[in-house]
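Written out below as structure tokens is the structure these notes cover.
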Amino acid sequence: MSEVIKAVEFPDREFESKQELFRVLREDADKLIAEKKATYKDVDGVQFKNTVDKSIMATKGIVVDSFESGYIYPVINTTNYLDSHNDLHIKGIWNKTYKEQKGKVSYIVNHELKIGSEIAYERDVDIFLHDFTFDQLGYNSKEATQALMFKIAKNNIVHAAAKDRIDKDIPTQNSVRMIYVTIDLAMNSDDKDDATYKKRYDKYVSKIANRDDFESIYHFWVISEAKIHKEGSMVVAGSNDITPMVFGSKEPPTGTPMTPKDEPSEDTHKIVKALDFSYKHN
């Protein structure tokens, strides 16, 4: 009996061979990339790639000694991990946008962009990048990853249920609302017409920290640049599950005050017409 192959890009279709899948991906590559850039993506964890049963549950909070106490540090995204959108985010993906979006991004619940879902307001969210190995984040791998992170003073948390979850250290994941900028297809195809896709596959497949969690990886999408759009979220399960809550144990310098929780400014009462961006949750 021949192998039946499914792919997340074609949820209602089955392929009788790798070659058939590669042909369709080759023919539809431009269309699929355009759809990724234009279509809303949810945080679902659906996989169609012959995964081994190694589901990762949200871990309890991770303590990093070099991070200051009195803050939370949600890991919003990590690189070098193949997620449920079949995307491999590579180091540098956030280099441009995290600088541009400082002071413009909220920390919210479940990607719900509405009043009452904010955990921390834009002005109270600092965005930064930090290099880890995956085992430092609770995943059994020594591979390196670049984490997109928030830094938020605990006394600036304004969502009661989120605060309760944090205080009780209930296992939690996080997720980024993002817009694709640069996407490239990688395929493990020996067809001469797929030489560029194959070269890209060979370059990046060894960087996938969770590659052993799959029986086979026929193809994936290399995401080398993306934009953070409006928020990062606390979720129960994200499409990238190596996104825990991090806490610090380093005491702040003597006399350094914690960031006060101010009253909302008048700017929060202005009505702003939102632009119709396309994005995914990851």
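Every number in this text was worked out from the coordinates using simple rules, so none of it is lab data. Because the structure is predicted, anything quoted here is derived from the model rather than measured. Here the Cβ positions follow ideal geometry from the backbone for every residue, glycine too, while neighbour counts run over all protein chains shown.
Descriptive notes on the structure:
- Theoretical gain in end-to-end length, GLU100 to ALA34 [0.36 nm per residue, Cα-Cα removed]: 21.4 nm
- Under 15 Å from the VAL205 label point (7 Å along Cα→beta-carbon), backbone N, segment 154-189: 185-189
- Note on SER69 and SER224: with the Förster distance fixed at 30 Å, the Cβ-Cβ geometry gives a FRET efficiency of about 0.30.
- Computed from the C-beta positions of LYS163 and LYS192, the FRET efficiency with R₀ = 51 Å rounds to 0.30.
- Rounded to whole Hz, the Karplus (6.51, -1.76, 1.60) HN-Hα couplings of segment 201-217, x for glycine and proline: 4, 4, 5, 10, 4, 6, 7, 6, 5, 9, 5, 6, 7, 10, 5, 7, 10
- Residue exposure sequence - LYS31, LYS96 - by fewest surrounding Cβ within 10 Å: LYS31, LYS96
- Distance between the pseudo-spin-label points of GLU16 and PHE128 (7 Å out from Cα toward the beta carbon): 5.7 nm.
- Each peptide among 163-170, 177-184 gets the average number of other Cβ atoms lying within 10 Å of its residues, and from highest to lowest they stand as 177-184, 163-170.
- Shape index of segment 1-252: Rg/Rh, with Rg the Cα radius of gyration and Rh the Kirkwood radius from the inverse mean 1/r over Cα pairs, equals 0.99.
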